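First up is the structure itself, then whatever we jot down about it.
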Amino acid sequence: MSRPVTRRAPKKNGGFSWGRFPMGDTGITAYRLFRRDLTGAVHIENLHVYPQDQRRAVALALRAACHRLRDRVDEIDLATMGVTA
């Protein structure tokens, strides 16, 4: 079963959000993951998915990107609070 990838705009919530952006007829899809730190600054992690990528590989890559973003923002938050990890 093949479904077309549609655009999904990021939702406006307080912490984590994501968006999916197909890049025209190329078949490439960009996923953009967003997260705010304690000061309100937005941090972003980008991931490009190609048509030949398997769904399982895409899911694992998205999960890893989400964890990288979370870890990066958590380090910034800890530094803001003056706590060393």
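The values are calculated or read from the model by the stated rules, or taken from the named source; none is laboratory data. These numbers were taken from a predicted model, which means no experiment stands behind them. Using ideal geometry, Cβ is built from the backbone for each residue, glycine included, and neighbour counts are taken over all protein chains shown.
Remark: pairs (first residue in the stretch 1-13, under 18 Å from N46 (Cα atoms); second residue β-branched (V, I, T) and modelled with pLDDT of 85 or more; Cβ separation under 8 Å; 6+ apart in sequence or on different chains) = V5/T29.
Within the stretch 48-56, is there a residue that is in contact with a Phe, Trp or Tyr (Cβ under 9 Å, 6 or more places away or on another chain) and surrounded by 11 or more Cβ atoms within 10 Å (Cβ to Cβ)? Break it down into steps so the answer makes sense when it comes.
Initial filter on the stretch 48-56 (in contact with a Phe, Trp or Tyr (Cβ under 9 Å, 6 or more places away or on another chain)): 48-49.
Filter once more, keeping what is surrounded by 11 or more Cβ atoms within 10 Å (Cβ to Cβ): 48-49.
Yes, that holds for at least one residue.
Flag: D25 matches the condition of being assigned to a helix (DSSP H, G or I) and either at pLDDT below 90 or among the aliphatic types (A, V, I, L, M) (or both). Checked against (1) without any contact (Cβ under 8 Å) to a residue 12 or more places away in the chain; (2) part of a strand (DSSP E or B), D53 passes all but condition (2). The requirement of being farther than 15 Å from R68 by Cα, outside any strand (DSSP E or B), over 16 Å from the mean Cα position of the chain (by Cα) and modelled with pLDDT under 85 is fulfilled nowhere in the stretch 6-21; no residue meets it.
Quick one: which of T80, T39 is over 14 Å from the mean Cα position of the chain (by Cα), part of a helix (DSSP H, G or I) and among the polar types (S, T, N, Q)?
Only one candidate qualifies: T80.
For the stretch 14-31, a tally of residues being polar (S, T, N, Q) and surrounded by 13 or more Cβ atoms within 10 Å (Cβ to Cβ) returns 2.
Of all residues in the stretch 32-44, none satisfies being surrounded by 11 or more Cβ atoms within 10 Å (Cβ to Cβ), at pLDDT 90 or above and over 20 Å from D71 (Cβ atoms).
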